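Q: Here it is, the structure, as structure tokens.
The values are calculated or read from the model by the stated rules, or taken from the named source; none is laboratory data. All values derive from a computational prediction rather than experimental measurement. Don't worry about glycine lacking a Cβ; one is built from the backbone with ideal geometry, like all the others, and counts go over all protein chains shown.
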Amino acid sequence: MATMKDIISSPLLLALVAGGLLYIAGFSLVYLKKAYTRCIELGISKEDLKKVIKSSLVFSIVPSLSIVVGLFALIAVMGVVWSWWRLSVIGSLSYETMISSSVASAIGYANSAEMLEMASGRDFGVVMILMSVGMLSGFLVLIPFGRKLSKSVDKSDTGNTWKHVLSGTFMLCLFAVYIPVLIFGDTVQMLVMLTGLVIAVGLGVLAKKPGLRWLNEFIMAFSMIGGMVSSLLWVKLFS
Amino acid sequence: MSKNNTKPVHTMDPFQEWCHKWGRVGTVIALVYMIAIPFVVLTYYDCVPSLGQVINLSTISILLIYIPVGFSEALSYTPILGCSAYLTFITGNIMNLKLPCAANAMKLAEKEPNTPEGEAISSVAVASCSIMTILILALAALFSTWIMPVFELPQVKTASEYLIPALFGSLTLGLFASTNSGTKVVKNGIMGVLPVLIIVSILALAVRLLGGGSLFGAVGFLILFMLPVAIISSRIMWKKGIIKVVDKETGKE
């Protein structure tokens, strides 16, 4: 009978993961090409598109590096290939790491080291299936109702002013939930958020100066990095 | 107060149409593949677990983390992302990466969400971001033995834990701009989520004062319950004329 170690280092798993990632990368490229072409048709200049792509790539680096930190935490529990797959598709850094800490006890082991050493292939199969099927709930909404949900807030329907209100409500609701949780839940989280905000405002003011307009493309990336780096100071002072 | 609710016939933008058709097909293919991977590997090694081994009292805790979060993310993020939602959901890491990236792109190009231009721009951003992340993670997995020590430095780990608060700091600046919708401006939109703000503040304070720490891990559940509150209260305030949609130039409804 195969063990967990056999499964996580299986060449078959690696080949399937590599194939899946190639498909997802191809899917992203097709989406990019279609969206880019449509942007040009809609009158958005190539210059603006270049700016957006450059800013998106730069902006993606730091959160991706945070995901790499999560990847290494997950690798210790589930090996390289499966962790790589989970964090490259569907998975979310926060929930995957949360699950990595509870998965060993869920299948009857004291900790992840014991699981890695003693778990059978079937035990790890339970983990793989749970992780693959669990996150499908979102798709049960997105696939049948994605079009309807998008149309419910489509502002092209200019005669309906409620859609303008509803469209903003979703984003405002996210903020209305996150901000009090961050402010009242943890002092360091609050200070990191405020630092990010202060840096964003400061950069916004600077970017108004003629020679510093380029800063506009990087306000979010820089303020996010500044906020994260400031956590080292706030943790020292308040934790 | 009269609300202009006549329904003009309008067709969907061709790109949006493409996404809702082929984006959906591409997503279904990816999903089938994702579910098939464990079964193919486990069948090869002859260790497919029984249904009872997969779903029982111990494993249900894992499903209880995933299932409500999935519903919450789909219901709250799809209306913001529009037709870029398919690619966003399939590549994951939405709140900590894709959604802020899309918001940043729309702000930069001065386009509004839920318009053909806004959705095309956010799709460009999400696709670029997805490719970048796939590349970074592939390099990290490939060179994990060499680079792991750097990512295990306590400073790097600490800074990474605070990604979401830092993101919210930088996103807040664009919050008010998000209620501007092309030629129209939503006035007092924030009033609609005031009940949510009050309820979550009280809950967060109560949990902290009672020694329970932070509600950060329960945000997915909170959004699921607070979204209907926000929509109903915004609707009531819009009906009562507290939230108004006015013309950007003239300031009139």
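Q: Test of understanding: among B:P79, B:P100, B:P113, which residue is farther than 23 Å from A:G79 by Cβ, in contact with a strand residue (DSSP E or B) (Cβ under 9 Å, 6 or more places away or on another chain), assigned by TED's automatic domain parsing to the domain that holds B:W18 and not aliphatic (A, V, I, L, M)?
A: B:P113 is the lone residue from the list that is farther than 23 Å from A:G79 by Cβ, in contact with a strand residue (DSSP E or B) (Cβ under 9 Å, 6 or more places away or on another chain), assigned by TED's automatic domain parsing to the domain that holds B:W18 and not aliphatic (A, V, I, L, M).
Q: Moving to a separate point now. List the pairs whose first member sits in the range A:176-191 and is assigned by TED's automatic domain parsing to the domain that holds A:W234, whose second member is part of a helix (DSSP H, G or I) and aromatic (F, W, Y), and whose Cβ atoms are under 6 Å apart, counting only residues at least 6 apart or on separate chains?
A: Listed by first residue and then by second, the contacts come to A:Y178/B:F168; A:V181/B:F216; A:G185/B:F216; A:T187/A:F238; A:V188/A:W234; A:V188/A:F238; A:L191/A:W234.
Q: Turning to a different aspect of this structure: Which condition from (1) assigned by TED's automatic domain parsing to the domain that holds B:L227; (2) in contact with a Phe, Trp or Tyr (Cβ under 9 Å, 6 or more places away or on another chain); (3) in contact (Cβ under 8 Å) with a residue 24 or more places away in the chain is the one that B:S84 breaks?
A: (1)
Q: To continue, here is another question. For the range A:145-152, state whether one or more residues are part of a helix (DSSP H, G or I), buried (at least 22 other Cβ atoms within 10 Å of the Cβ) and among the aromatic types (F, W, Y).
A: So far as the range A:145-152 goes, no, none of its residues is part of a helix (DSSP H, G or I), buried (at least 22 other Cβ atoms within 10 Å of the Cβ) and among the aromatic types (F, W, Y).
Q: For the range A:139-153, give me each residue that is touching a residue at least 12 places away in the same chain (Cβ under 8 Å) and either under 12 Å from B:Y77 (Cα atoms) or not small (G, A, S) (or both). Break it down stepwise before answering.
A: Restricting attention to the range A:139-153, the residues satisfying the condition of being touching a residue at least 12 places away in the same chain (Cβ under 8 Å) are A:152-153.
Within the range A:139-153, A:V153 is the sole residue that qualifies.
Q: Can you tell me which residue among A:I75, A:I67, A:I61, A:I107 is more than 20 Å from B:A159 (Cα to Cα) and in the same structural domain as A:S10 (by TED's automatic domain parsing)? Talk me through it step by step, then tell me what you get.
A: Details: A:I75 fails: more than 20 Å from B:A159 (Cα to Cα); A:I67 fails: more than 20 Å from B:A159 (Cα to Cα); A:I61 fails: more than 20 Å from B:A159 (Cα to Cα).
Being more than 20 Å from B:A159 (Cα to Cα) and in the same structural domain as A:S10 (by TED's automatic domain parsing) holds for just one of A:I75, A:I67, A:I61, A:I107, which is A:I107.
Q: When you scan the range A:215-236, do you find a residue that is outside any helix (DSSP H, G or I) and either aliphatic (A, V, I, L, M) or surrounded by fewer than 23 Cβ atoms within 10 Å (Cβ to Cβ) (or both), even just one?
A: Checked the range A:215-236: no residue is outside any helix (DSSP H, G or I) and either aliphatic (A, V, I, L, M) or surrounded by fewer than 23 Cβ atoms within 10 Å (Cβ to Cβ) (or both).
Q: Can you name the number of the only condition in (1) in a helix (DSSP H, G or I); (2) within 24 Å of the chain's Cα centre (by Cα) that A:E114 fails?
A: Every listed condition holds for A:E114 apart from (2).
Listed here are the residues, each with its yes/no results for (1) hydrophobic (A, V, I, L, M, F, W, C); (2) within 26 Å of B:F143 (Cβ to Cβ).
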{"residue": "A:S9", "(1), (2)": "no, yes"}
{"residue": "A:F27", "(1), (2)": "yes, yes"}
{"residue": "A:Y31", "(1), (2)": "no, no"}
{"residue": "A:K54", "(1), (2)": "no, yes"}
{"residue": "A:V69", "(1), (2)": "yes, yes"}
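Q: Looking at A:V127, A:V133, A:V198, A:V141, which one is closer than 25 Å to B:Y162 by Cα, out of contact with any strand residue (DSSP E or B) (no Cβ under 9 Å at 6 or more places or on another chain) and assigned to a helix (DSSP H, G or I)?
A: When all the criteria are applied, what remains is A:V198.
Q: Regarding A:M131, is this residue more than 7 Å from chain B (Cβ to nearest Cβ) and surrounded by fewer than 22 Cβ atoms within 10 Å (Cβ to Cβ)?
A: Values: more than 7 Å from chain B (Cβ to nearest Cβ): yes; surrounded by fewer than 22 Cβ atoms within 10 Å (Cβ to Cβ): no.
In short, no.
Q: Hey, can you tell me all the residues within the range B:229-253 that are over 30 Å from A:V188 (Cα atoms) and part of a helix (DSSP H, G or I)?
A: B:I231, B:I232, B:S233, B:S234, B:R235, B:I236, B:M237, B:W238, B:K239 - these are the residues of the range B:229-253 that are over 30 Å from A:V188 (Cα atoms) and part of a helix (DSSP H, G or I).
Q: Return the pairs, sorted by first residue and then second, in which the second residue is of a type in the set (S, T, N, Q), the first residue lies in the range B:43-63 and is at the interface with another protein chain (Cβ under 7 Å from one of its Cβ atoms), the beta carbons are less than 8 Å apart, and the residues are 6+ apart or on different chains.
A: B:Y44/A:S10; B:Y45/A:S10; B:C47/A:S120; B:S58/A:S105; B:S61/A:S102; B:I62/A:S102
Q: Scan the helices (runs of 4 or more DSSP H) fully inside the range A:1-100 and keep the ones with 3 or more residues being polar (S, T, N, Q) and farther than 17 Å from B:M95 by Cα. Spell out the reasoning first.
A: Numbers: elements: A:4-8, A:11-41, A:46-78, A:80-88.
In the range A:1-100, no matching helices (runs of 4 or more DSSP H) lie anywhere.
Q: For the range B:95-131, name all the residues that are free of Cβ contacts under 8 Å to residues at least 40 places away in the same chain, surrounded by fewer than 24 Cβ atoms within 10 Å (Cβ to Cβ) and at the interface with chain A (Cβ under 7 Å from one of its Cβ atoms).
A: B:L108, B:A109, B:E117, B:I131
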